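Notes follow once the structure below has been shown.
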Amino acid sequence: MRTMGFALLCIASISSTATAQDLDEYVNTRDGFKVYFPSQPAVRDITWTSQQGFMLPGRVYSVDQGREHYSVTVVDYSDIERMGIERVKSCPAGAPLCKGTALSGPGLWKHDVRGAQQWAERKLLQRDAKVTDLTWSQHDMVEGDELQLVSNSDQSRTYAYVAMHEMKLYIAEATVPKGAAPPTLFQTSMSWVDKDGKGIRYQTMYNNEFHGLRQYPVPPHTTGVGGDAQ
């Protein structure tokens with residue numbers, strides 16, 4: 001009887017937790033993502049310096065909860081081609097690297113897009129922390145990388161997912177104190193929505209280098225109902 005009572009208590013606890021988590025889903029149609037935040041995030045505008053020195057607009061969505069920190073950084077690369085064309089106008093004579101090629105694009109903007117994910121990961125790796133895991137991953141068939149780092153100062157752990165989707169760079173990361181449970185729900189829930197806030201899941205793998213730059217047609221996808229649009 002005690003075993004059955006304990007099992008029922010666990011089921012009730014799990015059900016209650018799941019219900020609470022459902023209420024915490026954050027959906028953002030402006031930047032095309034959804035994720036489980038512990039509460040409504042604060043939003044601030046940033047300027048992101050790309051690998052080739054382009055100044056790109058972005059936003060950081062963040063929640064601080066005690067010693068835990070959650071954030072999604074979104075950087076918009078959609079205007080970088082125009083920026084590259086403008087940069088070429090001021091290239092000195094005899095500077096082919098400045099002008100770029102058909103492969104790199106004017107001002108190397110295409111190479112900048114191709115390397116955006118690695119550029120963001122490099123910034124993570126430059127922190128005062130030890131990398132304990134770095135692996136390829138995909139969220140709803142959008143490929144990216146997942147990283148885990150341990151801070152050298154306080155042994156807190158950071159879990160991050162970095163991806164490019166439709167010419168936007170996404171860096172989702174959560175940092176928790178030493179000994180705390182991994183923020184699995186936050187890390188694994190990062191995914192994509194359309195302009196109506198409906199979830200997107202591609203039928204084959206999406207790669208921004210090919211599909212964001214429209215070298216190949218965007219893979220077909222299914223949509224599901226998301227949360228409340230922000």
Chain lengthening between Gln203 and Gln65 when straightened (0.36 nm per residue, less Cα-Cα): 46.1 nm
DSSP bridge orientation in the chain - percent antiparallel, rounded to nearest 5: 95 percent
Taking only C-alpha positions in the chain, Rg and Dmax in angstrom work out to 20.2, 86
What spacing in nm lies between the two simple spin-label points modelled at Thr188 and Arg214, each 7 Å away from Cα in the Cβ direction? 3.7 nm
Full-extension gain in nm, Asp154 to Ala181, via 0.36 nm per residue minus C-alpha separation: 8.1 nm
Using a 7 Å offset from the Cα along the Cα-to-Cβ direction at both Lys195 and Thr49, what is the distance between the two label points in nm, to one decimal? 3.5 nm
Size-normalised alpha-carbon gyration radius of region 146-230, reference 2.2 N^0.38 Å: 1.33
Toward the positive end of the charge dipole of region 25-224, about the Cα centre and with charges on Cβ (Lys, Arg +1; Asp, Glu -1), which of Thr222, Pro96, Val162 goes farthest? Pro96
Based on the Cβ-Cβ distance from Gln118 to Ala93, what FRET efficiency comes out when R0 is 30 Å, to the nearest 0.05? 0.40
What nm value, rounded to one decimal, do you get for the distance between Ser39 and Thr135 when each label is placed 7 Å out toward the C-beta? 3.3 nm
Which value results when the Cα radius of gyration for region 62-166 is divided by 2.2 N^0.38 Å? 1.38
Taking the Cα centre of region 25-224 as origin, work out the dipole magnitude from +1 charges on Lys and Arg Cβ and -1 charges on Asp and Glu Cβ, in debye rounded to 20. 380 debye
Taking H as built 1.01 Å from N, whose amide H comes closer than 5 Å to the amide H of Phe37, not counting residues under 5 places away? Tyr26
For Tyr77, Tyr61, Tyr216, order by how many other beta-carbon atoms lie within 10 Å, fewest first: Tyr216, Tyr61, Tyr77
HN-Hα J in Hz across region 191-199 - Karplus 6.51, -1.76, 1.60, θ = phi - 60°, x for Gly and Pro: 7, 10, 9, 8, 5, 9, x, 8, x
Mean ellipticity per residue at 222 nm, deg cm²/dmol - from DSSP H runs of n ≥ 4 across the chain, formula -39500 (n - 2.57): -7000 deg cm²/dmol
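We did not get these values from a lab; they are worked out from the coordinates using the rules stated. What you see is a predicted model, and the numbers here were worked out from it, not measured in a lab. Glycine also receives a Cβ, built like all others from the backbone with ideal geometry; neighbour counts cover every protein chain displayed.
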